[in-house]
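The values are calculated or read from the model by the stated rules, or taken from the named source; none is laboratory data. What you are looking at is a predicted structure, and each value in this text was computed from that prediction instead of being measured. Here the Cβ positions follow ideal geometry from the backbone for every residue, glycine too, while neighbour counts run over all protein chains shown. These accessible areas exclude ligands, DNA and RNA; they are computed on the full protein's heavy atoms, side chains included. Shrake-Rupley method; radii C 1.70, N 1.55, O 1.52, S 1.80 Å.
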Amino acid sequence: MGLLGSFSDQWLEYILINYRWIFVCLFLLPVSVVYDVLFYVRNWVVFKLNSAPKQHDKKVQKVQKQIREWIDDGCKTQMCTARPGWMTVSFRVPKYKSTLRQIEVNMIDIIDVDESAKIVRVEPLATMGQITATLNPLGWTLPVLPELDDLTVGGLIMGVGIETSSHKYGLFQHCCVAFELVMADGSVVKCSKDENSELFYSVPWSYGTLGFLVSADLKIVPAKKYVKVEYMPVYSFDDIQKKFSEEVMKKENNDFVEGLMYSENTAVIMTANMTDEAEPEKINAIGDFWKPWFFKHAESFLTNGEGVEYIPLRHYYHRHTRSIFWELQDIIPFGNHPLFRYLCGWMVPPKISLLKLTQGETIKRMYEQHQMIQDMLVPMAALGDALKCFHHEVNLYPLWLCPFTLPSNPGMVHPRGDKQEMYVDIGAYGSPSVKNFEPIATTRKVEEFVRKVNGFQMLYADSYMTKEEFRQMFDHSLYDKMRNKLNCKTAFPDVYDKVNRSARS
């Protein structure tokens, strides 16, 4: 019976791994298209009618009302947002939402674009796709615009956001000018570098444990029509580090820098700059649904040699969206085939939230056993050792390399010294190739390495650190001070209690 059960489990796992594409293609892709159409039509109407600014204050008052009701009920349980866990981009669904007091923060609008002040004011659930669709036609963009369409402003502030312009501008949080929050006592507080500055620097990475974010002011910069991308193939481990570091340090010469490692000794380093002029024969609208997935397109330069092309700005920003970097190939193995792209590519990608909502326990368990989805942020000086660590412990390619400047601002994440430092995000997404991959043991080894080099783990990913190890990685001094000052301990869980692996299903 035991052998029969084991055999059945293996067959079920085989079917789910190899044939999940049937459900995804026949159901999730069409549903995702309908969802997107309805969502963007709604936002276009709201923006054209200019109703968002008028409604914002009412929505803030609704949040305040819910908190006052919580206080009147005796503050019996801690609070969190009522947004369903399956709607987040994180692979996991938070378990704590079922036990905490849920507060509706249904705030999804772009409130205002102030072109004279070069500021866009947005609500926390406004998405990157929504923002680019609004700003780009006006001739503006965000200094740092993280990749996937469905990433929200609130998630990128309370967690972390990064893009290939981060070597110039820092993380997403470093492009924020001000925050507006509803606090545990129901009051509304605005903070910036000059007003309530300690709170301002405490909000990023706090994961909603200091108050409810209800708006953010973000810097905007002039946008141009195209991005001129230069592809540089590299064929040795040492040359990958050398070439990547050289291009990162040319801050003024490169608007964007990115690396894709396809093996321990092969990579394509890409530098890019915005421009309004383009050679017509070299324009590549890579975001068109019939085009090859970007990471596959970039890989072709390993064979073809160096190259230059011009990608429309929005296409560049969302170049990895259609293939969800390279994770979609594990769900739809033939997704990059020309026939599929021409027939069904217009429906890709499926909504990550719907993928989470429709996966059962068997699929969750399967992904945990066979997949790694991690972003580790390490100092540029430790890049070589970090890549060796990932190769030895995980052996997963492609790896995403994204550099960023980390200022010495106070808060949970900053360099150990008093000067800004260049860091690199190493993104590992997919199925490790090491024999006998053990998700817990392997992740803990990588986490240990990252702590030793004064690096950081993105909070969306599975974390197996103990609370002591977590506090060793992240500076809690200002965070703890603000938690005490604002009486947050009764109102909100500690950040560790929301992000560690045991808090997520």
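List of remarks:
- Karplus 3J(HN,Hα) series, Hz, for the stretch 451-457 with 6.51 cos²θ - 1.76 cosθ + 1.60 (x for Gly, Pro): 5, 5, 9, 6, x, 9, 9
- The string of couplings for the stretch 433-439 from the Karplus curve (6.51, -1.76, 1.60, θ = phi - 60°) is 9, 5, 5, 6, 4, 10, x Hz, one whole number per residue in order, with x for Gly and Pro.
- Residue-level accessible surface for GLU281, protein heavy atoms, 1.4 Å, Å²: 140 Å²
- Nitroxide proxy distance, nm - points 7 Å out along Cα→Cβ at ASP385 and ASN265: 2.5 nm
- Estimated [θ] at 222 nm from DSSP helical runs (n ≥ 4, -39500 (n - 2.57)) normalised by residues in the chain, nearest 500: -10500 deg cm²/dmol
- The loop-placed chymotrypsin sites (Phe, Trp or Tyr not before Pro) in the stretch 259-324, going by DSSP, that have at most 14 neighbouring Cβ atoms within 10 Å of their Cβ come out as PHE289, TRP290.
- Overall form of the stretch 388-432 per C-alpha gyration tensor (a/c, 1.5; a/b vs b/c): prolate
- Per-residue ³J(HN,Hα) for the stretch 255-261, Karplus 6.51 cos²θ - 1.76 cosθ + 1.60, θ = phi - 60°, Hz, x for Gly and Pro: 6, 9, 9, 8, x, 10, 8
- Selection from ILE119, VAL105, SER165 lying farthest towards where the dipole of the stretch 79-214 points positive, charges on Cβ: VAL105
- Our estimate of slack between ASP57 and ASN487, defined as 0.36 nm per intervening residue step minus the Cα-Cα distance, is 152.3 nm.
- Here is the list for the stretch 430-474: trypsin sites (Lys or Arg not before Pro) lying in DSSP coil, each with at most 10 other C-beta atoms within 10 angstrom of its C-beta, are LYS435.
- Placing +1 on the Cβ of every Lys and Arg and -1 on the Cβ of every Asp and Glu, with no other charges, gives the stretch 214-283 a dipole of roughly 180 debye about its Cα centre.
- In the stretch 73-152, trypsin sites (Lys or Arg not before Pro) in a DSSP loop with at most 10 other beta-carbon atoms within 10 Å: LYS76
- Around the amide H of SER463, modelled in the peptide plane, lie the amide H atoms of ARG501, all under 5 Å away and 5 or more residues distant in sequence or on another chain.
- For ILE283, solvent-accessible area (1.4 Å; no DNA, RNA or ligand), Å²: 70 Å²
- The chain, dipole about Cα centre (Lys/Arg Cβ +1, Asp/Glu Cβ -1), debye to the nearest 20: 1240 debye
- Residues GLU327, GLU447 ordered from highest to lowest accessible area at a 1.4 Å probe: GLU327, GLU447.
- The chain - percent of accessible surface contributed by carbon and sulfur, probe 1.4 Å: 54 percent
- Taking Cα centre as origin and charging only the Cβ of basic (Lys, Arg, +1) and acidic (Asp, Glu, -1) residues, the dipole magnitude of the stretch 169-234 rounds to 480 debye.
- Area projected by the alpha carbon convex hull of the chain, averaged over all directions, nm²: 24.5 nm²
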